[in-house]
1. What number does region 1-146 give for Rg over Rh if you use C-alpha atoms and the Kirkwood radius?
2. From the gyration tensor of the Cα coordinates in region 74-352, what semi-axes in whole Å does the equivalent ellipsoid have, largest first, with each one equal to sqrt(5λ)?
3. Using 1/(1 + (r/R0)^6) with R0 = 30 angstrom and r between the beta carbons of Glu80 and His213, what's the FRET efficiency to the nearest 0.05?
4. Output the relative contact order of the chain, whole-number percent, from Cα pairs under 8 angstrom with separation of 6+ residues.
5. Size of the dipole of the chain about the Cα centre, Lys and Arg at +1 and Asp and Glu at -1 on the beta carbon, nothing else charged, in debye to 20?
6. Which one, Leu13, Leu73, Ala58, projects farthest toward the positive side of the charge dipole computed for region 2-95 from Cβ point charges (K/R +1, D/E -1)?
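Every number in this text was worked out from the coordinates using simple rules, so none of it is lab data. None of the values given here were measured: they were computed from a predicted structure. Cβ sites come from the backbone with ideal geometry, for glycine too, and all protein chains shown count toward neighbours.
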Amino acid sequence: MSTTKTTDKKIFLAAAEMADLEGFVRERGESPFRARQIREWIVKRRTVDPMEMTNLSAALRAALKESFLCGSLSVAETEEAPDGTKKYLLRLHDGETVECASIPAEDGRLTFCLSSQVGCPVGCVFCTSGAHGLVRNLHAGEIVEEFFLLSKREGKMPDNVVMMGVGEPLLNYANLERALDIITDPDGVGLAQRRVTISTSGWTPGIFQLAKHGKQWNLAVSLHAPDDKIRSRLIPDAFRKTIREILQACKAHRDATGRLLTLEYVLLAGINDTMQNARDFAEVALQARAKVNLIPYNKARGSFERPDRETVKRFENVLISRHVPVTVRVEKGSAGSAACGQLRASFRENNREKQEVSQ
């Protein structure tokens, strides 16, 4: 799939190559310098609205707007949690919706959480994002526009970007790679590669691709289980790899990049939260030479429950006692529908109810 074009063949301005811009100005008899000016607006000022590009002629701005897909995202809904986390439901050019979020930390750092797909094909049984399956991949330009929109809303660049929104990023590899290349280009947007984390459910072909690409992007794997038997209850067969396969791919990534792996583990009461589960998972983490991010479940879908605080603490202490670096994720944006995938799900449900009432 093209990383720059929509189905109507218009190029997303946010992901346009320099050659695209040079061709555009050349066809209109303009100096090549104009292409550099346009690119400067896109990557340095983080705008894809030609009307803001005030050092271009009105005619060239109009032509730019006609020739490229510019500013294809609009905010459909916004929710803000008491901790300052802001979740945005974005309407895309084709009417589909996707989520992104800005997440402040107490020390002042700011993280942008971006989506990579409309819906998700993996279908983890406890996750809202995949409840309705995959609609389509996001184009590279749409991913970059998420970043630009959040940047404009916050009035500054983030300290970190995490690909932990809706979708399995590594199943949209070409668009993911192009978008992150733009965001981390030192001559472009300029976010440091090590400030980017890609979270995957363990899609090993994509992990090997990341290793081959060799960029300093961080890798986080949503393992959620200490063994394949428990993991098979949580992740459907179609996209589930064995833990052994996942760790082999992660080793290839570490060897190629030198980046430390993070293993993510959603704690589900009565499913994967026993002390034996903790001891077994500690062995997995030590084998992978990984740090661990424990995530107490945020109730959203199905009959799953969140473990009590004492259970979470005991699980954490088992990992610590075995010298596994571990953090427990501080709950961000769980108020209302602000946890990942829930705003879009709520929006879809409300629209469905409105349609039923009108029929």
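1. Ratio of gyration radius to Kirkwood radius: 1.04.
2. Semi-axes (√(5λ), whole Å): 27, 22, 18.
3. Once rounded, the FRET efficiency stands at 0.25.
4. Relative contact order, the chain: 15 percent.
5. About 560 debye.
6. So the residue we want is Ala58.
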